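S.K.: Take a look at the following structure, please.
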Amino acid sequence: MKLTTKFTLWYFGIMLVVLLMGGAIVYYEIQWKISRVEVVRHQRLNDLIAQQIRQGGDYKDHPTRKRATVTVIPADSMPGGVPSYYTRGIDWNPEFQTREFKLVVTSFYLINGVHYRVMTYSFIPSFYQLLPGVVDSFKWILLLLLVLVIISGGLISKYILAPFKRTMRVIQSFDLKQKERVLLPRTRTSEFMELNQFLQKMTEKAREDYQLLKEFTENASHELQTPTAVIRGKLDLLMESDIRDEQAILIAEMQNALERLSRIHSSLTLLTKLENKEYEPKEPVCISNLVRESLASFDELIQMKSLGLEAHIEKGVYVPLHPALADLLTSNLISNAIRHNAPMAMRSGAGGQAPGFVPDGAEGRGWIRVNLTREGLVVVNTGREPQVATVELFERFKKGNAGSDSIGIGLAIVRQICDLSHFDVIYEYRGGLHLLAVSFLPRTAASKLLQNL
């Protein structure tokens, strides 16, 4: 919901409450004013009748006197200190043959030593007769206010909030890799000026931090490559020299540790580039070809480990992904399925049967299944149960088994690629099988791919 819409609804809601309260106040105020005006008029009429009696005239000849009653009362019937009062209530109106609101004003006079009581009355609009008029008036007022609020909301959105909208468009197009400063629109609204100043400082700080981090990553990558290459060369020379078996074993362990260090360095550098969003898709890449190429490149390793392979690859599957990231995604998933593979010792499904997507004869040996459709990629392999929750394996340096020679960054890279490309990824372990699915469609959850499998 837009900000102007919220302002409009809040303002209209407040005005509706105020109008309802104001309508009740106006309703009773009008009723009181009408009664008060009629009381004053009847008091003046009673004074005129008393004046005519005092002058000895006949007060009955005037048309207004037909609703007047003059009565001579005893002296002890005169109220003390109250020259007049009024009463009101529902009574029968003989002229219109209906019951209406009747107002009676009673006044007391002493004329020529005689006490008189003068009573006059009239029928005035009741509460219920005034209510429709008040309601109709406030309906028109409410409708007018609604139209004005809608028009003013549109004007506010178009003119007053225009600098804010321009600022939002500039910020949405901001890129950490751009070298130019962010140019925010000028405004005379103090709140927007403060917002622009804050955004200007934050974008400048973000650009500076990004450049420093990028320079550090590039420098660290470059500087580490030289000593690593020197150490690798020295170790190769030692291996070619005349050494004992014990020394050869030590040198081999050093080479393995050096290779592990090199892989960690490359993986961390790649993760940093992914987090900085340095890989942007230029055009859709055919991931069908990449999956076939990855399987072909790992074919010797699959045969060496005597693994069973079942591949279902749909042709012409394109995804909006950088070619290097697409290749890294497929190779990481397949290499993980090979590296962490272990024979299936027994059937694990219900009733002693393996799950439906396990081929016959998979028991006793390792097995991999790769399934690629336009919805996503699913890789299933046999293996040992991980010692940690599968969701934790997407974190850096998390390994399913402590004794594994893996550095624990492969799935972290997969997760980072999926997050960058807005893909959904899920990893489960069921019945001796590792199931990892990546959904390419935003409306298709990765868990649905496993259900379809």
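The values are calculated or read from the model by the stated rules, or taken from the named source; none is laboratory data. All of these numbers come straight from a predicted model, not from anything done at the bench. All Cβ positions, glycine included, derive from the backbone under ideal geometry; neighbour counts span all protein chains shown. These accessible areas exclude ligands, DNA and RNA; they are computed on the full protein's heavy atoms, side chains included. Shrake-Rupley method; radii C 1.70, N 1.55, O 1.52, S 1.80 Å.
S.K.: Work out, in µm²/s and without decimals, the Stokes-Einstein translational diffusion coefficient of region 131-191 at 10 °C, 1.306 mPa s, Rh from Kirkwood over C-alpha pairs.
M.R.: Estimated diffusion coefficient is 105 µm²/s.
S.K.: If I fit a long axis through the Cα atoms of helix 162-172 and take the longest principal axis of the Cα atoms of the chain, what angle between them do I get, 0 to 90°, rounded to 10?
M.R.: Roughly 20 degrees between the two axes.
S.K.: Still on this structure, I have one more. Expressed as an acute angle from 0 to 90° and rounded to the nearest 10, what is the orientation of the C-alpha long axis of helix 323-339 relative to the principal long axis of the chain?
M.R.: Once rounded, the angle reads 70 degrees.
S.K.: At 222 nm, what helix-only mean residue ellipticity would the chain give, in deg cm²/dmol to the nearest 500, using -39500 (n - 2.57) for each DSSP H run of four or more?
M.R.: -17500 deg cm²/dmol
S.K.: Ordered by packing density, taken as the mean number of other Cβ atoms within 10 Å over each peptide's residues, highest first, how do 78-85, 336-343, 297-304 rank?
M.R.: 336-343, 297-304, 78-85
S.K.: Anything over 27 Å Cα to Cα? Flag those among LYS305/LYS398; LYS177/LYS448; LYS214/LYS315; LYS33/LYS66, in the order listed.
M.R.: Among LYS305/LYS398; LYS177/LYS448; LYS214/LYS315; LYS33/LYS66, the Cα-Cα distance tops 27 Å for LYS177/LYS448; LYS214/LYS315.
S.K.: Which of the aspartates and glutamates could a cross-linker bridge to LYS6, judged by Cα under 20 Å and excluding same-chain residues fewer than eight apart?
M.R.: Reachable aspartates and glutamates: GLU191.
S.K.: What ranking do 317-329, 130-142, 379-391, 235-247 get when scored by the average of other Cβ atoms within 10 Å per residue, highest first?
M.R.: 317-329, 379-391, 130-142, 235-247
S.K.: Net charge within 15 Å of ILE243 by Cβ-Cβ distance, Lys/Arg positive one each and Asp/Glu negative one each, not counting ILE243 itself?
M.R.: -4
S.K.: Further question: Could you tell me the convex hull volume per residue, in Å³, taken over the Cα atoms of region 1-92?
M.R.: That works out to 188 Å³ per residue.
S.K.: Here is a follow-up. Any idea what % of Cα-Cα pairs in region 74-128 are farther than 17 Å?
M.R.: 48
S.K.: Okay, next question. Mind checking region 1-99 for trypsin sites (Lys or Arg not before Pro) that DSSP puts in a loop (not H, G, I, E or B) and that have at most 10 other Cβ atoms within 10 Å?
M.R.: Taking region 1-99 and a limit of 10 other Cβ atoms within 10 Å, the loop trypsin sites (Lys or Arg not before Pro) found are LYS2.
S.K.: Follow-up question, since we're still on this one. If I compute solvent accessible area with a 1.4 Å probe over the protein chains, what percent of it on the chain is carbon and sulfur?
M.R.: About 58 percent, which is the carbon plus sulfur part of the accessible surface.
S.K.: One-quarter of the Cα convex hull surface for region 1-53, in nm²?
M.R.: 4.0
S.K.: Report, in cubic angstrom per residue, the convex hull volume of the C-alpha atoms of region 75-172.
M.R.: Expressed per residue, the convex hull around the Cα atoms of region 75-172 is 226 Å³.
S.K.: If packing is taken as the mean number of other Cβ atoms within 10 Å per residue, what is the order of 105-113, 287-295, highest first?
M.R.: In descending order of packing, they fall as 287-295, 105-113.
S.K.: What do you get for the angle between helix 127-155 and the principal long axis of the chain? Use alpha-carbon atoms, 0 to 90 degrees, nearest ten.
M.R.: 40
S.K.: I'd like the Kirkwood hydrodynamic radius of the chain, using the inverse of the mean 1/r over distinct C-alpha pairs, in Å.
M.R.: About 32.2 Å for the chain.
S.K.: Shifting gears a bit: Debye sum, Cα scatterers, region 106-234, no solvent: what log₁₀ I/I(0) at q = 0.10, 0.15, 0.16 1/Å?
M.R.: -0.70, -0.93, -0.96
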